[in-house]
Amino acid sequence: MLSKKQLVAITINAITVKMLITYPRALFVLCGNAAWINVIYCTLAAVLIFFVNRLVYKYDYNVIELAEMTGGKFLKIITGIVVFIVLGLNFFSILRIFPEMIRLVLLQNTYLEVIVLSFVAALVIGAYCGIEAIGRAHTIFIPLAGIVFTIFIVLLIPSFKIENIFPILGNGPYNIFIKGISSLSIFSDLLMLNILIPHMKNVEYYRSAGNKSVWIGGAFVFLIVVAYSMSYVYPVSANFLAPVYQLERLINLSDFFSRFEAVFQFIWSVSILLYGSLYLEVLSEVWKESFGLKFSKPLIIPIITVLTGAILLPNSLNNMIIWEYIINKWIYIPALAIPIIIAVTARIKRIKNK
């Protein structure tokens, strides 16, 4: 069983891992130097949505099990397939863009396919360790990552220029508050937390861990975006593919430790490996529950094989970023709505039966 501490660590990592790659760039392209306002807005919206979720979702079952209790096997299979697609798409861009970033930053002369296969092999090993082992690894790693992140922000302070955040409304209120609502995709991993309910002692862990993770994850995202916006003037800030990596290159401690890159690359790699192993295990669990199978472990290799083939379809990193933009524009809607819809449907059915 997963403890509340493990669940919070898992969800915080899942929320913030996107910020280590290309996601901040998308925020700045959309909102300009007002990306930090958009993050506050979407964090508060996520808090409100999860508050509604907490009010209606009072079941000791995940959304797939609850769908079966509500509408039988047909609704269970439909819900399971939708959840699998949503989680798969949420994982899809990380699975392709991380190897691309590794190639650009560290292994310029290595074939992309070799990096992808090495990454996939590490994820398979991690997923086979099981959800409890992944949870324990998160509780060890996240405090360490938090300390490094705090040092990282402090070391960036000399590079901050407050005038970089002006004009305050950046690309305009419409982009921040209307088009910018798609930034809720940062919190789409809350659906993954729901799938883990069978691994919790009681459903209160789900509500408590989700609420804490939204606040803490939102704070991490806010600090990254503010640090980036004050370090690089817009529109320069909208041009870098990996903004957090670009930030760490500003740090120069001395002639003997001139780059923070080694520490960043360690945190970056471990965070994404834990995230990928978790997602692969969760996707296997979703497929097992959807079709009433006994075991999830034999599904790990077939699922990662399909996903690996799919991520190689975009023929360039630019095309993959376009795919990522389209996915993130819509993925938050089913990710945040499915648990609420199924819970409300279950409650209506119970009232009718009474």
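The values are calculated or read from the model by the stated rules, or taken from the named source; none is laboratory data. The structure presented is a predicted model; accordingly, all values stated were derived computationally and were not measured. A quick note on method: Cβ atoms are made from the backbone with ideal geometry, for glycine too, and the neighbour counts reach across all protein chains shown. For the accessible areas, the whole protein counts, side chains as well, though only heavy atoms, and no ligand, DNA or RNA atoms are used. Shrake-Rupley method; radii C 1.70, N 1.55, O 1.52, S 1.80 Å.
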Point to revise | Some residue of the range 81-90 being over 30 Å from ALA242 (Cα atoms), at pLDDT 95 or above and assigned to a helix (DSSP H, G or I) | key: yes
Exercise for review: Give the residues of the range 204-213 that are open to solvent by less than 10 Å² (accessible area, probe 1.4 Å) and not small (Gly, Ala, Ser), sorted by residue number.
Suggested key: TYR206
Study note, to complete from the structure: Just one listed residue, out of SER271, SER229, is modelled with pLDDT under 95, assigned to a helix (DSSP H, G or I), open to solvent by less than 10 Å² (accessible area, probe 1.4 Å) and within 30 Å of GLY130 (Cβ to Cβ), and it is SER271
Review point. Any chance the range 209-226 includes a residue that's of a type in the set (Val, Ile, Thr) and out of contact with any helix residue (DSSP H, G or I) (no Cβ under 8 Å at 6 or more places or on another chain)?
Key: no
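Test ARG103 against the criterion of being out of contact with any strand residue (DSSP E or B) (no Cβ under 7 Å at 6 or more places or on another chain), of a type outside the set (Ser, Thr, Tyr), under 24 Å from GLN246 (Cα atoms) and not in a loop (DSSP other than H, G, I, E, B), and give yes or no.
Details: out of contact with any strand residue (DSSP E or B) (no Cβ under 7 Å at 6 or more places or on another chain): yes; of a type outside the set (Ser, Thr, Tyr): yes; under 24 Å from GLN246 (Cα atoms): yes; not in a loop (DSSP other than H, G, I, E, B): yes.
The answer is yes for ARG103.
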Exercise for review: Any chance you could count how many residues in the range 113-140 are touching a residue at least 60 places away in the same chain (Cβ under 8 Å), in a helix (DSSP H, G or I) and open to solvent by less than 70 Å² (accessible area, probe 1.4 Å)?
Suggested key: 15
Review point. Given the conditions (1) more than 20 Å from VAL282 (Cβ to Cβ); (2) out of contact with any Cys (no Cβ under 7 Å at 6 or more places or on another chain), and given that PHE119 satisfies all but one, which numbered condition is not satisfied?
Key: (1)
Exercise for review: State yes or no: is GLU248 closer than 18 Å to PHE84 by Cβ and either open to solvent by less than 30 Å² (accessible area, probe 1.4 Å) or touching a helix residue (DSSP H, G or I) at 6+ places or on another chain (Cβ under 9 Å) (or both)?
Suggested key: no
Exercise for review: Give the residues of the range 159-189 that are of a type in the set (A, V, I, L, M), open to solvent by 10 Å² or more (accessible area, probe 1.4 Å) and either in contact with a Pro (Cβ under 8 Å, 6 or more places away or on another chain) or not in a loop (DSSP other than H, G, I, E, B) (or both), sorted by residue number.
Suggested key: ILE162, ILE165, ILE178, ILE181
Practice item. State which residue pairs qualify: first residue closer than 11 Å to ILE21 by Cβ and inside the range 80-104, second residue acidic (Asp, Glu) in any location, beta carbons under 6 Å apart, and separation of 6 or more residues or different chains. Key: SER93/GLU324
Review point. Only one residue in LEU223, LEU193 is assigned to a helix (DSSP H, G or I) and open to solvent by 30 Å² or more (accessible area, probe 1.4 Å), so which one is that?
Key: LEU223
Review point. Does at least one position in the range 62-69 carry a residue that is touching a Leu at 6+ places or on another chain (Cβ under 6 Å) and open to solvent by less than 20 Å² (accessible area, probe 1.4 Å)?
Key: yes
